[in-house]
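Here the structure comes first, spelled out in structure tokens, and everything after it is commentary.
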Amino acid sequence: MTIAIKNINGLFLLSILVGLPTIALAHKNHAHHHEEKQVEATPGAAKALAEQLAKINDSYKRDVKPIFQRSCFDCHSQSPNLPWYNSLPLVHDLLDGDMKEAKEHLDFSNDYPFQGHGSPKEDLEAIGDSVRDKSMPPFRYRIMHWNSALTKEEREAILKWTDEGQKLLAEPSH
Ligand code: HEC
């Protein structure tokens, strides 16, 4: 027992030393495990859900991820490539909190389903809302990263994806 706990601590320390990619990997496995757990009672439903999520992830990677990489990843992913202006002291102070907090809400690092506090369906809803009310990316970020604002076409592509995904997840699993 003691040895097992020690090993877990060691592994955790190692993850910190090796850096974020290891932690991201661990999270990925967690997320998948979590999904399976929710529908443990009916293996057929678990399979149907996994297929729906995989389908939503396919269209995410094709239609939405390139947009998110440009406009959202600085804050919502474990990306080690911080923008150059983040090294300017004032900008750093302004955005540092955002970058830490954003991932707790929603982490795009390992594709869909995303990590964060929401369920796969809630995440689609929240993303749709943020695109509709134009609250993301935050204004203070857009003024420094002018290229991050979403165009009309990009907003439409994201909303098409969130709407279709929500519809798919609303279907009864069989
Ligand atoms: C400058 C950093 C920053 C960028 C860039 C950014 N966000 Fe955020 N985002 C945040 C922060 C901070 C929060 C948490 C606080 C809040 O809700 O305002 C958040 C919260 C969210 C939430 C709410 C999550 C929840 O369920 O609580 C959604 C959805 C979201 N962001 C989507 C996006 C999308 C989509 C993009 C790109 C188009 C984007 N964000 C770009 C910082 C950012």
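A short reminder: the numbers here are calculations on the coordinates, not readings from a lab. All of these numbers come straight from a predicted model, not from anything done at the bench. Positions of Cβ are backbone-derived with ideal geometry, glycine not excepted, and every protein chain shown enters the neighbour counts.
Details
- Convex hull of alpha carbon positions in the range 42-170: directionally averaged projected area 8.0 nm².
- Virtual spin-label span in nm between Leu168 and His92, 7 Å along Cα→Cβ: 4.2 nm
- Take the Cβ atoms of Glu153 and Asp129, set R0 to 25 Å, and the FRET efficiency comes out at 0.85.
- ³J(HN,Hα), Karplus 6.51/-1.76/1.60, whole Hz, each residue of the range 72-78, x for Gly, Pro: 10, 5, 3, 9, 9, 8, 7
- Of the residues Ala157, Pro137, Gly116, the one whose Cα sits farthest towards the positive end of the charge dipole of the range 42-170 is Ala157 (charges of +1 on Lys and Arg Cβ, -1 on Asp and Glu Cβ, taken about the Cα centre).
- Spin-label zone in the range 63-79 - amide nitrogen under 13 Å from a point set 7 Å from the Cα of Phe139 along the C-beta vector: none
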